[in-house]
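The values are calculated or read from the model by the stated rules, or taken from the named source; none is laboratory data. Please read all numbers here as calculations on a predicted model, not as lab measurements. So basically every Cβ, Gly included, is an ideal-geometry build from the backbone, and we count neighbours across all protein chains shown. In case anyone asks, the SASA skips ligands and DNA or RNA and just uses the protein heavy atoms, side chains included. Shrake-Rupley method; radii C 1.70, N 1.55, O 1.52, S 1.80 Å.
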Amino acid sequence: MKKLTILSGAGISAESGIKTFRDGDGLWENHNVTDVASPEGWRKDRALVLEFYNQRRRQLHEVQPNEAHHLLAELEKHFDVQIITQNIDDLHERAGSTNILHIHGELFKSCSCNNKNLIYDQKEDINIGDKAEDGAQLRPFIVWFGEDVPLYQTAREIVKESDILLVIGTSLQVYPAAGLIHDIKDDCLLIVINPNETGFGYGQRAVVMKETATQGMKLLFDKLVNLA
């Protein structure tokens, strides 16, 4: 089976009702991103950061995968599919996809603030005083701005082996994830589904569909299957 890699971003989750902070104002649910998604924000106000992600986690219990998520899962019948997602939700999993690399972390997990290798399932709120087994405060298992992306090298190796790379729902504004498309093979087919001009230089080799994630997948699905 051909290797199909999908790089997904906030745009696909937005269609399920999850807000993206890059909707023009640079805010995320009315918070400055650095206040809730950076080590500096964590040092400044742990309670604010925890409550921000508690709200995101509660919302995640209430939303559902959309048709784009389900169509991506269906592609596993035809390709060797690997999803690399910048999203911290579990909507790909719930739609039925089985090979997912969360390079920016997972909302339904927590970790020790002193040791990110101490990871726990976290479906409910994290409160001040909730401790990991090393005695340190639990924090969201999220890669914040300014932190290393431990799974980036794994993602690069996956992209290098891809026959097709489908970029969906991401404007490729966040690095290092945006740099992954530069790792594709010379004969890899690059397809981009994004309704907005991003300013990203795809070059002539990219097939660009200016559509939402759902509409783009509806238009693309049968064409992709014919390439399997």
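Give the residue, chosen from V174, V149, that is in a loop (DSSP other than H, G, I, E, B), modelled with pLDDT under 90, under 15 Å from the mean Cα position of the chain (by Cα) and under 20 Å from R56 (Cβ atoms).
On the way: V149 fails: modelled with pLDDT under 90.
Criteria check complete, one pass: V174.
For region 74-83, the count of residues that are over 15 Å from the mean Cα position of the chain (by Cα) and under 16 Å from D125 (Cβ atoms) is zero.
Do you know which of the residues in region 68-86 that are open to solvent by less than 10 Å² (accessible area, probe 1.4 Å) and either polar (S, T, N, Q) or part of a strand (DSSP E or B) (or both) is farthest from L227 (Cα to Cα)? Ranking the qualifying residues of region 68-86, first place goes to T85. Counting only residues that are open to solvent by less than 50 Å² (accessible area, probe 1.4 Å), modelled with pLDDT under 95 and among the hydroxyl-bearing types (S, T, Y), region 14-37 holds 1 of them.
Applying the condition of being aliphatic (A, V, I, L, M) and over 18 Å from D35 (Cα atoms) to region 49-67 and asking which residue is surrounded by the fewest Cβ atoms within 10 Å (Cβ to Cβ) yields V63. Within region 129-148, which residues are touching a helix residue (DSSP H, G or I) at 6+ places or on another chain (Cβ under 8 Å) and either farther than 15 Å from I88 by Cα or open to solvent by 30 Å² or more (accessible area, probe 1.4 Å) (or both)? Selection gives Q137, F145, G146, E147. Could you tell me whether any residue of region 163-180 is free of Cβ contacts under 8 Å to residues at least 24 places away in the same chain and open to solvent by less than 20 Å² (accessible area, probe 1.4 Å)? Yes; the residues of region 163-180 include at least one that is free of Cβ contacts under 8 Å to residues at least 24 places away in the same chain and open to solvent by less than 20 Å² (accessible area, probe 1.4 Å).
Quick one: in region 105-123, which of the residues that are part of a loop (DSSP other than H, G, I, E, B) and closer than 19 Å to L60 by Cα is least open to solvent (accessible area, probe 1.4 Å)?
Initially, region 105-123 is screened for residues part of a loop (DSSP other than H, G, I, E, B), giving 113-118, 122-123.
Then drop every residue that is not closer than 19 Å to L60 by Cα, which leaves 122-123.
Numbers: Q122: 23, K123: 110 Å².
Within region 105-123, the match that is least open to solvent (accessible area, probe 1.4 Å) is Q122.
So which of I158, I126 ends up being more than 19 Å from the chain's Cα centre (by Cα), touching a residue at least 40 places away in the same chain (Cβ under 8 Å) and either in a strand (DSSP E or B) or surrounded by 14 or more Cβ atoms within 10 Å (Cβ to Cβ) (or both)?
Result of the check over I158, I126: I126.
Checked against (1) modelled with pLDDT of 95 or more; (2) outside the structural domain of K123 (by the TED database); (3) open to solvent by less than 30 Å² (accessible area, probe 1.4 Å), F221 passes all but condition (3).
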